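Only one structure is covered here, and it is reproduced in the block below.
The values are calculated or read from the model by the stated rules, or taken from the named source; none is laboratory data. Since this is a predicted model, take the numbers as computed values, not measurements. Using ideal geometry, Cβ is built from the backbone for each residue, glycine included, and neighbour counts are taken over all protein chains shown. To get the accessible areas, we keep the full protein, side chains included, count just its heavy atoms, and leave off ligands, DNA and RNA. Shrake-Rupley method; radii C 1.70, N 1.55, O 1.52, S 1.80 Å.
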Amino acid sequence: MPDAQWTDVGNVEDLKTKPLQQVLCGTTPIALTYKDGAFNAISGVCNHVGGPLGEGTLDGDYVVCPWHYWKFHHKTGRGEPGYEQDQVPSYETKIENGRLYVDLSSATKRTKQAHKPHPLARPIIRLAGPIRVVGISTTVMTAGHPRYSGSDALLETALGHARSELHLETQCIKLRDLSFRACEGYYSKSAQACTWPCSITQMDSTDQLDRVYEAIVHWADVILIATPIRWGNASSLYYKMVERMNCIQNQETIANKHLLKNKVAAFIIMGGQDNVQGVAGQLMTFFSEVGCQFPQFPFIAHSRGWSAEDMERNVLEVQNSRELRDGARALVARAADMAKLMVGGQLPEHPLARGGRKAHQLDSEPTG
Ligand code: FES
């Protein structure tokens, strides 16, 4: 038996005021519970990706991690039924002279149960074959009552050209056909809490954004996004999708991991009203931040301006515009040419630490 290491963690009366709290025992984070008149201490570091257990909640006898809600028994540190082999250390406690002590030497062993990795977590390997283009429609419309969409029509033109004339592989994903949750801000808890694959995808098998992740991370060379302009911005579904792609960008920052490698992004932007430049800027900023390249002239767009409220005429203009259809075909051809260069290894790789972001913990380091 190692010598006891009783360490003072604070005044008993103060510690009794919270059923669960994270305390430091020396430098060791402890999830301290006060329940049914007794203190118990388990590790404050979750088995999953290190969430602060003491900042979570108590659910009966279990401490619930605030990051992704794994549960550990407040006395034994064991995982919930079915996950008992997932165990965080537990510690002895004692009270002396109104102070609470935790014996660090009494720590039980941390054990981790094997969890089947999510299929998206597999290594990213480009299989041999022609350039692959995924078209993503972000247009919203009533289910079962399709209407004409200029951006969708031009996306179909581009994909049809890619298939039949350029002999590329294509697939089209319409976000409106998928049921998926909005980003719930795991990143706002901690950068480490925003995981790849997305925390929601890992926890909710009914969430269908895995199809988009699968297509853009594991399959496509060209990502062709089509969006209408809504109040000067891309569609709400576009933003719902890209907020969920924070997990892709975050891998650059927390793990120097580049999930979108040799990918080309291009855009079709159709507006009844104005702000093509603003929307293009938004799209290009996001896709550059996840490591995509762009072809020369990376978007095609159409808008009749702020005062053009007669949408019927706008639809007719897009429907009858040979120039826009030719533009859509040329756009996908340019994107595929760029992708060929990249897939063929003709552009050198330039790894960029943390995606070009400065690490805050380095701020205090002396310079020179
Ligand atoms: S559940 Fe604790 S870190 Fe994910």
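Net charge in the neighbourhood of Arg325 (other residues with Cβ under 14 Å of its Cβ; Lys, Arg +1, Asp, Glu -1) is -4.
Comparing Cys25, Cys65, Cys198 in a Gaussian network model of the chain where C-alpha atoms under 10 Å apart are linked, the largest mean-square fluctuation is found at Cys25. Projecting the Cα atoms of Ala31, Gly345, Ala114 onto the dipole axis of the chain, where Lys and Arg carry +1 and Asp and Glu carry -1 at the beta carbon, places Gly345 farthest toward the positive end. For region 256-361, the set of GluC sites (Glu not before Pro) satisfying both a DSSP loop assignment and a count of at most 10 other C-beta atoms within 10 Å is given as Glu309, Glu349.
Surface composition of region 6-106: carbon plus sulfur atoms contribute 46% of the solvent-accessible area (1.4 Å probe, protein chains only, all chains present). Magnitude of the charge dipole for the chain, about its Cα centre and with charges confined to Cβ atoms of Lys, Arg (+1) and Asp, Glu (-1), is about 700 debye. Taking all protein chains as shown and a probe of 1.4 angstrom, Phe286 keeps an accessible surface of around 40 Å².
Whole number in Å², please: accessible area per residue of the chain, 1.4 Å probe, ligands, DNA and RNA not counted.
Numbers: 18830 Å² over 368 residues.
I get 51 Å² per residue for this part.
Beyond 34 Å, what share of the Cα-Cα pairs of the chain is found? Please give it as a whole percent.
Numbers: 29304 of 67528 pairs.
Value for the chain (Cα pairs over 34 Å): 43 percent.
Using a cut-off of 25 Å between alpha-carbon atoms, which lysines can reach Lys109, once sequence neighbours fewer than 8 places away in the same chain are excluded? Straight-line reach from Lys109, under 25 Å: Lys35, Lys71, Lys75, Lys94.
If you roll a 1.4 angstrom probe over the protein chains with everything in place, what fraction of the accessible area of region 182-315 belongs to carbon and sulfur, to the nearest %?
Values: 2690 of 5500 Å².
Whole-percent figure for carbon plus sulfur exposure: 49.
The helix-based estimate of mean residue ellipticity at 222 nm for the chain, built from -39,500 (n - 2.57) per DSSP H run of four or more residues and divided by its residue count, is -7500 deg cm²/dmol to the nearest 500. Ranking Gln202, Gly281, Ser321 by Cα position along the charge dipole of region 119-342, where only Lys, Arg, Asp and Glu carry charges on their C-beta atoms, puts Gln202 farthest toward the positive end. Students often forget the sequence filter, so: which lysines lie under 29 Å Cα-Cα from Lys261 once same-chain residues fewer than 8 apart are removed? By straight Cα distance, Lys261 reaches Lys116, Lys174, Lys189, Lys240, Lys340, Lys358.
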